[in-house]
1. Mind checking whether some residue in region 36-51 is of a type in the set (Asp, Glu) and outside any loop (DSSP other than H, G, I, E, B)?
2. With respect to GLN100, is the statement that it is part of a helix (DSSP H, G or I) and at pLDDT 95 or above true?
3. Looking at region 57-80 only, could you name the residues that are part of a helix (DSSP H, G or I) and open to solvent by less than 90 Å² (accessible area, probe 1.4 Å)?
4. What number of residues within region 40-62 are under 10 Å from the mean Cα position of the chain (by Cα) and either closer than 15 Å to PHE17 by Cβ or not polar (S, T, N, Q) (or both)?
5. Here are some residues: LYS3, LYS28. Which one is open to solvent by 50 Å² or more (accessible area, probe 1.4 Å), out of contact with any Lys or Arg (no Cβ under 6 Å at 6 or more places or on another chain) and not hydrophobic (A, V, I, L, M, F, W, C)?
6. Could you tell me whether region 88-95 includes any residue that is in a helix (DSSP H, G or I), in contact (Cβ under 8 Å) with a residue 12 or more places away in the chain and open to solvent by 90 Å² or more (accessible area, probe 1.4 Å)?
7. Test of understanding: among LYS48, LYS101, which residue is open to solvent by 60 Å² or more (accessible area, probe 1.4 Å) and touching a residue at least 24 places away in the same chain (Cβ under 8 Å)?
8. Quick check on this structure: which one of ASP40, ASP76 is without any contact (Cβ under 8 Å) to a residue 60 or more places away in the chain and of a type outside the set (A, V, I, L, M)?
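The values are calculated or read from the model by the stated rules, or taken from the named source; none is laboratory data. These numbers come from a predicted model, not from an experiment. A quick note on method: Cβ atoms are made from the backbone with ideal geometry, for glycine too, and the neighbour counts reach across all protein chains shown. Note: accessible area is taken over every heavy atom of the protein model, side chains too, but ligands, DNA and RNA are not part of it. Shrake-Rupley method; radii C 1.70, N 1.55, O 1.52, S 1.80 Å.
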Amino acid sequence: MDKFDDTTRTEIEAAAFRRLLQHLDDNKDVQNIDLMILADFCRNCLSKWLVSAAEARGESLSYEEAREYVYGMPYDEWKDLYQGKATPEQLAALEARQAQKRAKE
């Protein structure tokens, strides 16, 4: 990626990010908790990163605006339609993942 000028690199990165969002939208069955267990990030993390990136540029983007962009609809609507209740096994796996992270600190 170093061979590209900053504008081209940014455009490629933005296109890849949009493709990631589309992939997540196409796979709504993948729950946020599953993403957290496996990859230590979720759709809400992406939303927070967007807010942080906007703030770093001196722009205003609320968390709810960012979540609507990431989820493709208001978060509460997405949650009602697609978010399942976390199973005891998922909660245990997430806690194990968090404990593993704390142990590395």
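1. no
2. Details: part of a helix (DSSP H, G or I): yes; at pLDDT 95 or above: no.
Considered against the rule, which asks whether it is part of a helix (DSSP H, G or I) and at pLDDT 95 or above, GLN100 comes out as no.
3. TYR63, ALA66, ARG67, VAL70, TYR71, TYR75, GLU77, TRP78, LYS79
4. Number of matching residues: 10.
5. Working: LYS28 fails: open to solvent by 50 Å² or more (accessible area, probe 1.4 Å).
Of the residues listed, the single one that is open to solvent by 50 Å² or more (accessible area, probe 1.4 Å), out of contact with any Lys or Arg (no Cβ under 6 Å at 6 or more places or on another chain) and not hydrophobic (A, V, I, L, M, F, W, C) is LYS3.
6. Yes, the conditions are met somewhere in region 88-95.
7. Answer to the selection: LYS101.
8. Of ASP40, ASP76, the one residue that is without any contact (Cβ under 8 Å) to a residue 60 or more places away in the chain and of a type outside the set (A, V, I, L, M) is ASP76.
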